[in-house]
1. What percentages make up the Cα-Cα pair-distance distribution of the protein assembly as shown when the bins are 20 Å wide from 0?
2. For the pair residue A:76 and residue B:107, what calculated FRET efficiency results from E = 1/(1 + (r/R0)^6), where r is the Cβ-Cβ distance and R0 = 56 Å, to the nearest 0.05?
3. Using a Förster distance of 45 Å, how high is the FRET efficiency between residue B:14 and residue B:43, based on the Cβ-Cβ distance and rounded to 0.05?
4. Please give, to one decimal in nm, the separation of the simple spin-label points placed at residue A:107 and residue A:284, each 7 Å out from Cα toward the Cβ.
5. Which peptide among A:279-287, B:88-96 comes first, and what is the full order, when sorted by highest mean count of other Cβ atoms within 10 Å?
6. Pop a pseudo-label 7 angstrom from the Cα along the beta-carbon direction at both residue A:268 and residue B:189 and give the gap in nm to one decimal.
7. Do the sum for chain A: with -39,500 (n - 2.57) for every DSSP H run of n ≥ 4, divided by all residues, what is the mean residue ellipticity at 222 nm, to the nearest 500 deg cm²/dmol?
8. So what is the calculated 222 nm ellipticity per residue for chain B, using -39500 (n - 2.57) for each DSSP H run with n of 4 or more, over all residues, to the nearest 500 deg cm²/dmol?
């Protein structure tokens, strides 16, 4: 019997990984096409019909590239860091509920890898992990550009981690649980974005800072720091950072869907499809933002995080808590 | 004293109100700025891309665009080049080299003539320097090669069978060894003045 359970688990993991990696790969293409159109360009359209095979060509290219390690780099940490970033993003997927449990021949198969009762804490713990991957990789590269990028990234992510966490406290308060499945179930009648628009905005902005996307891409900052923390990386290790970033975008999209947009709830279509569609909203918005907003200055970034987002998030908790106490007596 | 204090306090609250108002104004302006910029990019999404897809649609080049260099011939079909070295002298990147020689009738020509297009910057100074209109720049710019040595053009690669930008010009009708007629019989030449008629 446990063998059957293990098999089901492995199949679920494989399916989720395949979908997420495929989505991440085609998100790169979508980003390049959409960004092109937003800048009145065409974007890649040479490989395959309309550029449809571009991610595969890019993947092959990156696999065949030489994997360079700088002479004075800390080799162990240098090799290890990209894996931390990528796995940190991937592991969050374990607690994202995809839909209602399936029933196949009397067996109930939950559409979630592990239904953790402290799922929210798990999400926070792992989203902080990627800071380590980035900062360590930057430090191990033994390069000025990398180090500056890594320091910026660490400072930025620590400041935005706080408002990210605080913005989800009202959601947990309203759902009365830290379990992601129960949070989704609590949104059966209406998605939390209607009740918590401020928390949604704070979460969205902080998540963009977490994902190192424009206007918060200071750790990479191509035109100042070459590549920021991944300046010295090449070949497959660079690809891990890169894919990790896009997986992170998908994960943030899924988290926004779970916390604010009602997760798998929706008419007509099956739950996982709804979740996927909702999870794509935020990445598309991030691409749109990339085409729209310029990069913030470092002090503006810090000021915005500490002086605006954090107080507003705290105030939001206070107000939500007060209203809940008032309603529930 | 008490009045002063209350006045001070009043001024202070006024100041605070003003600060609050300007802060609010700034906030509204920031939101409007964000909205406007997102609207602009969204509008661009539905515009036709301005990309020109190069190998498929080639843009018509301006008439005087400069690229690959040729050596032209005069109307009689002879090489115009008289190997005067002016082009190689003026070339800022020293990509033109040649060896001059003289024909039996005294007309000069280039024994060999070589242009290294991997160095050439298509500045057109050689064309300007040429006294015989021999060296000219064409608008054909698609001459990239995988091997650098293939970009070294010899005289037979450079020579064409036409006159380029001016089909009728012939240097030797104006000057040079093959000037055949007598004084005052050439193109643009006035009959010689008999200096003795100028004597008083």
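Just so it is clear, none of the values below were taken in a lab; they were calculated from the coordinates. Bear in mind the structure is a predicted one, so any value in this text is a computation, not a measurement. All Cβ positions, even for glycine, are placed from backbone atoms using ideal geometry, and neighbour counts span all protein chains on display.
1. For the protein assembly as shown, the binned pair fractions read 16, 34, 22, 16, 9, 2, 0 percent.
2. It comes out at approximately 0.15.
3. 0.55
4. Computed distance between label sites residue A:107 and residue A:284 equals 3.7 nm.
5. A:279-287, B:88-96
6. For the pair residue A:268/residue B:189, the computed spacing is 9.2 nm.
7. The helix contribution divided over chain A gives -22500 deg cm²/dmol.
8. Dividing the helical sum by the residues of chain B leaves -9500 deg cm²/dmol.
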